[in-house]
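Structure first, commentary second.
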Amino acid sequence: MSERQLDLFSDATVRTGPSPPPSMGQPVSAADKDDAALIAAIPEASLANGTLLAAEAGRRRLAGAIPALAALCRRFKGFGADRLVPEQAAALRALGEIGGHEAGQVVSGLISRAVVQGPTLGVAVDAAATVHAPLPPSVLGSLLQHADPGIRAAACRCARRSPEVIALLIRLLEDRDRAVAGSAACALGRLGRSDARPGLKQLLREAPSVDVVESVPAIADEECMVLLGRLARTMPDLADAAIDALESIDHPRASAIAAAVRRPPPPPVSPS
């Protein structure tokens with residue numbers, strides 16, 4: 001008999017890998033389980049129940065479920081090169097919801113040890129950015145050069161201060177994918193790199209968001225301050241973030257713009 005096995009999550013790819021996890025099982029009601037029972041059920045959950053149990057652990061933000069969620073991910077190592085692994089994706093999203101140092105360490109380990117691959121890697125990198133996972137520079141560098149632009153963009157959100165990472169982020173400012181270039185600009189702005197200033201100014205004008213606004217203060221010049229003030233006046237959804245950004249900039253012009261924006265408008269003039 002051949003030693004090669006079918007990847008459970010691909011109907012076209014044949015690869016060497018571990019045996020598939022057992023039994024589809026019957027769906028359970030995850031919400032009816034108490035915390036201890038829920039955590040105990042996660043590592044060996046059937047295919048029908050893994051996603052339900054992981055999602056419930058995330059909804060409850062159960063820090064005690066972190067080792068169980070990691071074990072669930074490891075059960076599927078070697079699968080999903082071509083398709084999303086739902087159980088791994090649910091576990092990673094739950095780790096992102098739970099957050100904290102332990103979740104960050106776990107997500108970093110799952111990525112570094114190639115427990116997740118293919119489309120599920122994108123979910124893992126999103127979770128890493130959410131929980132501020134301490135990805136090793138070599139792993140982060142590989143993600144910043146990944147063929148998938150979604151993974152490159154998410155990896156920018158994991159950036160840490162190192163010469164190798166900063167050099168890659170500067171290169172990504174010219175990425176053909178605009179989302180990647182924008183994410184690189186935000187990362188460099190948060191790291192206080194003036195290389196980000198032109199890209200962040202363009203984003204403030206054309207595609208402002210909370211992430212963009214929060215990336216500006218460390219590299220802001222007076223034009224950035226004016227653009228933040230304009231956002232505070234014209235975009236209610238971004239007003240609080242823009243004012244917070246202005247107030248965090250140690251410059252008299254920023255303080256003046258923030259004060260002017262906070263000042264209530266004059267009452268309408270009554271007709272004589």
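Take 233-244, 123-134, 39-50 and order them by the average number of nearby Cβ atoms within 10 Å per residue, most first; the result is 123-134, 39-50, 233-244.
Measuring nothing but how far apart in sequence close Cα pairs (under 8 Å, 6+ apart) lie, relative to its length, the stretch 34-128 scores a relative contact order of 30 percent. With each run of n ≥ 4 DSSP H residues scored as -39500 (n - 2.57), what mean residue ellipticity at 222 nm is computed for the chain after dividing by its residue count and rounding to the nearest 500 deg cm²/dmol? Calculated mean residue ellipticity at 222 nm is -17000 deg cm²/dmol. Scanning residues 5 or more positions from Arg193 or on other chains, none has an amide H under 5 Å from its amide H, with H placed 1.01 Å from N in the peptide plane.
Placing pseudo-labels 7 Å out from each Cα toward the beta carbon at Asp221 and Ser162 gives an inter-label distance of 3.1 nm. Between Arg233 and Ala36, the modelled labels are 6.2 nm apart [label points 7 Å from Cα along Cα→Cβ]. Sorted into 10 angstrom bins from 0, the C-alpha pair distances of the stretch 34-128 split as 19, 58, 22, 1 percent. Counting 0.36 nm for each residue step from Ala114 to Ala147 and taking away their Cα separation leaves a gain of 10.3 nm.
The GNM of the chain, with springs linking C-alpha atoms under 10 angstrom apart, assigns the highest mean-square fluctuation among Leu84, Leu144, Leu92 to Leu84. Suppose R0 equals 35 Å. What FRET efficiency, 1/(1 + (r/R0)^6) with r the Cβ-Cβ distance, do Arg253 and Arg178 give to the nearest 0.05? It comes out at approximately 0.70.
When each of the peptides 111-122, 148-159 is scored by the mean number of other C-beta atoms lying within 10 Å of its residues, the order from highest to lowest reads 148-159, 111-122. Sequence-ordered 3J(HN,Hα) estimates for the stretch 228-239 from the Karplus curve with 6.51, -1.76 and 1.60 and θ = phi - 60° stand at 5, x, 5, 4, 4, 7, 10, 10, x, 5, 10, 4 Hz, glycine and proline given as x. When peptides 60-73, 202-215 are ranked by their average number of other Cβ atoms within 10 Å per residue, the highest-first order is 60-73, 202-215.
Scattering from the stretch 83-173 was approximated by placing one identical point on each alpha carbon and applying the Debye formula without solvent; log10 I(q)/I(0) at 0.14 1/Å stands at -0.42.
Two numbers describe the Cα atoms of the chain: Rg and Dmax, which are 23.0, 97 Å.
Coordinate-derived values only; no laboratory data. Because the structure is a prediction, the values reported are computed rather than measured. As a convention, Cβ positions derive from the backbone with ideal geometry for all residues, glycine included, and neighbour counts pool all protein chains shown.
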